[in-house]
Amino acid sequence: MNPQPRRRTFNTPAPPASPFPYHPGSLLSILDLSVDGVSRLLARATELEKQDPLKRNRILAKRRIALLFYESSTRTRTSFELAAKALGADTTLVSNLSSSIEKGESLKDTGLTLRALGAEAIILRHNSSGAPWLLEQSARLPVLNAGDGMHEHPTQALLDLRTILAHLRPGVRALGADTLAGVTVTIVGDILHSRVARSNMLMLPRLGARVVLCGPKELLPETATQSATGTLPRRQGPAAGGVEIERDFEEAMRESQAIMMLRIQAERLAGLQLDLEEYKAGYQLTGQRLAAHAPKAIVMHPGPIIRGMEITAGVADGVQSTILEQVTNGVAIRMAVVERALTAGVPSDRSPSPGWKEGGRA
Amino acid sequence: MTALAIRNGHLIDPAAGVDTAKDILLKDGRVAEIAGPGKLKHAEGAEVIDAAGLTVAPGLIDIHVHLREPGQGYKETIATGTAAAAAGGFTAVAAMPNTTPVNDSPEITRWMQSPERGAQVRVFPIGAATRGSKGETLNDFAALKAAGAVAVSDDGQPILKDGVMRESLAAAARVGLAVIQHAEDTRMAQGASMNLGPASFRLGLRGMPPEAESSLVERDIRLVSELRDAHPHLHVAHASTAAAVAAVRQARRNGLRVTCEVAPHHFLLTEEHVGLYNTHAKMNPPLRSAADRDAMIEGILDGVVDAIATDHAPHAPHEKEVEFEHAPNGITGLETALGLCLRWLHKEWRLPLGRVLSLLSAQPAALLNLKGRGTLAVGSYADVVIFDPKAEWVYRVAETKSKARNTLFDGWTMQGKVRWTICEGRVAYTNPA
């Protein structure tokens, strides 16, 4: 039955402004950063990368950083840890499998405990979307989002951007709304469950890039593009580029300067049945497809890659692949992000209660 | 106190068609006399409430609350929940059966109404439709009704199976009770923690499609239609989607006894109010799209919505301080309903005051067949709310009478300040200016 046609528009209460992030050093969403902020972080990453390691490790000498990981991780965890240590910080890893989290300790209490132990920042990987916001609100420390559920992975978007710039805009220093004008980045595969896709599609259009999402309906709902243009608290300016859906992989490839492949997240499919042979026929990146439709594009993948599934071994190891370069860029980016977390100044005023201060427009 | 004279007030009693200056005498828990200002004949010796400048109306009735007893007293008790009700101008509430254990027996139904619970206003239990609210085996509706249950429902869970819902409607019709359905096809909503749409995609949360509600409402209406000769009464709890309200509208046109309620959060808020994972904005049904929210307003204005009900769902603070997908559903509502209805339905969207009050008293009383309530006609229960319709005030959850703090309306401006709540002749709440 169709809803009744709308006869009137109503003056209604507006959603409240977001109080996040509480701490200027936090990086919860890629939208916490202005384009200038992104630009500064990337420049700083390059400086830190070039610096003498013996000088660099005085920057955060003996400062305490906790890595709190509720999900397994190779790249993100290791590169955050190496980045923090490269700046001289002490790090400690708390994982859900070897801590009191197993005994039922809440995220809030775990955060307060880490704070009491002297942690000055927490790097959080969590299987629930939104967990970093809860942790920041309750622990009152800078929080770095190292991936939350199906939501965001802001440092991945930054290292992806560094990789894209190195290949497509070498030599560019300061970023602006048109830095990536004329560039099409296609993100392929399991968009629905991908925090990498969300962070990238929120950031790349603000630099002028056109983002094309490509995948089957089950893994890429039509709402994906509406959400990119929707309003979000603290949204940093309008996006110059756009986000579009193209279901034909080869068509999308022909328009792309960068192709970002994603893994099918079997652990998040929640009962969804996929015909993998059909998926591969439609969306696997093969050497033949690449040569025929995008011989000059860079091939990206946030990892972990499943060879023979979304990407063939030949393409993963081929000359167009930037997969390992992305991993390397992760360390530089995370040095800059970790440094910012501990040097970004005093936190803004906090509400006395853990609840939001909501206000009607009335 | 046996007699109470309310003088100089403006009486609005929609069921009796009264909207004028009247004095009222309450005696022995009933309305004893109504007369023009200064004209009460039997008020000698009565205690006097000066209601000059105030509106006097039938006490508000919320047909959908969770008082958490028995079994979950750490969230709310019947005493604290009804104290919040009294502060909000309510003199009667209907308590859902999703307690621990589930209220599926006459014993629990009677336990909830015992004076030992310390209720500040009248509590009408709603009995579970099925054993343990598991949706399989029907309870003894006649026994539940005899113990005081005013309706049956498995609220919190839908009655999903066609056969069980059909039997529930037929059995409830035989004893003159409504079946209140929590319309959610849970098969379409697995793992969902908000409305399905652009916002759920953006936040990386699994979404509940609007069809999970509307398809079950449509199924239920089909069953009511098939059982037409038995005159079953289907009441749709907390309607939240345009399609569900449209289905109810159509069913009524077809002469079926199908009613629905809408909660203030569903006619005021949208999925955008989830913000960045504010667990106080997590409820079931979830906050929906702007188009759905507008359809709730339309439905209230055009009369298809029969009642405003709060779905008052208190939780302990620590239960809401968790990851969004793990947070329990619900928002409190008893203290904010009148203030929000007057501020938005009346002042902003121009619904006449009498109709707002009717949605909060006369209509819910009629819907659950609460005899002698929802009106202040002589002889009815002395359930009265006296409020200042002009007063603007700001809701502060720190001052709540409820045990819970899970509201989205902290700091919101409200219209209409409750000065007295009188339940069966007894002052249950007072806050004179």
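The values are calculated or read from the model by the stated rules, or taken from the named source; none is laboratory data. Nothing here was measured: the structure is a model prediction, and the numbers come from that model. Cβ placement follows ideal geometry from the backbone for every residue including glycine, while neighbour counts extend to all protein chains displayed. Surface areas here come from the heavy atoms of the whole protein model, side chains and all, with no ligands, DNA or RNA. Shrake-Rupley method; radii C 1.70, N 1.55, O 1.52, S 1.80 Å.
A compact table of results
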{"read-out": "Which numbered condition B:Asp383 fails, given (1) acidic (Asp, Glu); (2) within 17 Å of the chain's Cα centre (by Cα); (3) surrounded by fewer than 24 Cβ atoms within 10 Å (Cβ to Cβ)", "value": "(3)"}
{"read-out": "A:Pro21 being at pLDDT below 95 and open to solvent by 10 Å² or more (accessible area, probe 1.4 Å)", "value": "yes"}
{"read-out": "Restricting segment B:319-331 to residues that are part of a helix (DSSP H, G or I) and surrounded by fewer than 24 Cβ atoms within 10 Å (Cβ to Cβ), the residue that is farthest from the other protein chains (Cβ to nearest Cβ)", "value": "B:Glu319"}
{"read-out": "Hits in segment A:93-112 - residues which are surrounded by 15 or more Cβ atoms within 10 Å (Cβ to Cβ), in contact (Cβ under 8 Å) with a residue 12 or more places away in the chain and not charged (D, E, K, R)", "value": "A:Val94, A:Ser95, A:Asn96, A:Ile101, A:Leu107, A:Thr110, A:Gly111, A:Leu112"}
{"read-out": "Residue check for B:Ser200: of a type in the set (Ser, Thr, Tyr), open to solvent by less than 10 Å² (accessible area, probe 1.4 Å) and either within 8 Å of chain A (Cβ to nearest Cβ) or in a helix (DSSP H, G or I) (or both)", "value": "yes"}
{"read-out": "Sole residue being under 14 Å from B:Gly89 (Cβ atoms), assigned by TED's automatic domain parsing to the domain that holds B:Ser200 and in a loop (DSSP other than H, G, I, E, B), chosen from B:Leu338, B:Leu334", "value": "B:Leu334"}
{"read-out": "Residue within segment B:264-277 that is of a type in the set (S, T, N, Q), surrounded by fewer than 21 Cβ atoms within 10 Å (Cβ to Cβ) and outside the structural domain of B:Lys401 (by TED's automatic domain parsing) present", "value": "no"}
{"read-out": "Whichever residue in segment B:354-372 is in a loop (DSSP other than H, G, I, E, B) and open to solvent by less than 20 Å² (accessible area, probe 1.4 Å) and, among such residues, is farthest from B:Ala52 (Cα to Cα)", "value": "B:Leu368"}
{"read-out": "Among residues of segment B:176-195, those that are farther than 22 Å from B:Glu261 by Cα and aliphatic (A, V, I, L, M), counted", "value": "2"}
{"read-out": "B:His280 vs. criteria under 22 Å from the mean Cα position of the chain (by Cα), facing chain A (nearest Cβ under 8 Å) and in contact (Cβ under 8 Å) with a residue 24 or more places away in the chain", "value": "yes"}
{"read-out": "Of the criteria (1) within 14 Å of chain A (Cβ to nearest Cβ); (2) buried (at least 24 other Cβ atoms within 10 Å of the Cβ), which one B:Pro232 fails", "value": "(1)"}
{"read-out": "Test: A:Pro154 is within 14 Å of another protein chain (Cβ to nearest Cβ) and under 18 Å from A:Asp32 (Cα atoms)", "value": "yes"}
{"read-out": "Pairs where the first residue, in segment B:99-112, is closer than 15 Å to B:Lys75 by Cβ and the second is at pLDDT 95 or above and surrounded by fewer than 19 Cβ atoms within 10 Å (Cβ to Cβ), C-beta under 7 Å, 6+ apart", "value": "B:Thr99/B:Pro70; B:Thr99/B:Gly71; B:Thr99/B:Gln72; B:Thr100/B:Pro70; B:Thr100/B:Gly71; B:Thr100/B:Gln72"}
{"read-out": "When residues of segment A:235-284 are limited to those that are among the polar types (S, T, N, Q) and at pLDDT below 95, the one surrounded by the most Cβ atoms within 10 Å (Cβ to Cβ)", "value": "A:Gln236"}
{"read-out": "Any hit, segment B:422-432, residues being within 14 Å of chain A (Cβ to nearest Cβ) and open to solvent by less than 20 Å² (accessible area, probe 1.4 Å)", "value": "no"}
{"read-out": "Residues of segment B:23-71 that turn out to be of a type outside the set (Val, Ile, Thr) and within 28 Å of the chain's Cα centre (by Cα), as a count", "value": "22"}
{"read-out": "Extreme residue, farthest from B:Ala366 (Cα to Cα), among residues of segment B:254-277 that are away from every other protein chain (no Cβ under 12 Å) and more than 21 Å from the chain's Cα centre (by Cα)", "value": "B:Asn254"}
{"read-out": "Only one of A:Ala336, A:Ala344, A:Ala362 that is small (Gly, Ala, Ser) and modelled with pLDDT of 95 or more", "value": "A:Ala336"}
{"read-out": "Meets criteria (under 18 Å from the mean Cα position of the chain (by Cα), open to solvent by 20 Å² or more (accessible area, probe 1.4 Å) and within 14 Å of chain A (Cβ to nearest Cβ)) for B:Gly303", "value": "yes"}
{"read-out": "Residue tally, condition under 19 Å from B:Thr421 (Cα atoms) and either among the basic types (Lys, Arg) or surrounded by fewer than 22 Cβ atoms within 10 Å (Cβ to Cβ) (or both), over segment B:42-58", "value": "7"}
{"read-out": "Residue among B:Val378, B:Val394 that is among the aliphatic types (A, V, I, L, M), away from chain A (no Cβ under 11 Å) and over 20 Å from the mean Cα position of the chain (by Cα)", "value": "B:Val378"}
{"read-out": "Index of the failed condition, A:Leu192 passing every other in (1) within 14 Å of another protein chain (Cβ to nearest Cβ); (2) open to solvent by less than 10 Å² (accessible area, probe 1.4 Å); (3) in a loop (DSSP other than H, G, I, E, B)", "value": "(2)"}
{"read-out": "Residue list for segment A:95-112, filter: at pLDDT 95 or above and touching a strand residue (DSSP E or B) at 6+ places or on another chain (Cβ under 9 Å)", "value": "A:Leu107, A:Thr110, A:Gly111"}
{"read-out": "Test: residue in segment B:70-89 that is buried (at least 22 other Cβ atoms within 10 Å of the Cβ) and part of a strand (DSSP E or B)", "value": "no"}
{"read-out": "Residue count, segment B:1-41 (criterion: without any contact (Cβ under 8 Å) to a residue 24 or more places away in the chain and either surrounded by fewer than 17 Cβ atoms within 10 Å (Cβ to Cβ) or touching a helix residue (DSSP H, G or I) at 6+ places or on another chain (Cβ under 6 Å) (or both))", "value": "7"}
{"read-out": "Residues of segment A:120-151 classified as modelled with pLDDT of 95 or more, more than 10 Å from chain B (Cβ to nearest Cβ) and open to solvent by 10 Å² or more (accessible area, probe 1.4 Å), total", "value": "3"}
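Per-residue answers, yes or no, for (1) out of contact with any Gly (no Cβ under 9 Å at 6 or more places or on another chain); (2) outside the structural domain of B:Pro286 (by TED's automatic domain parsing); (3) not aliphatic (A, V, I, L, M):
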| residue | (1), (2), (3) |
| --- | --- |
| B:Pro106 | no, no, yes |
| B:Val123 | no, no, no |
| B:Lys134 | yes, no, yes |
| B:Thr137 | yes, no, yes |
| B:Ala151 | no, no, no |
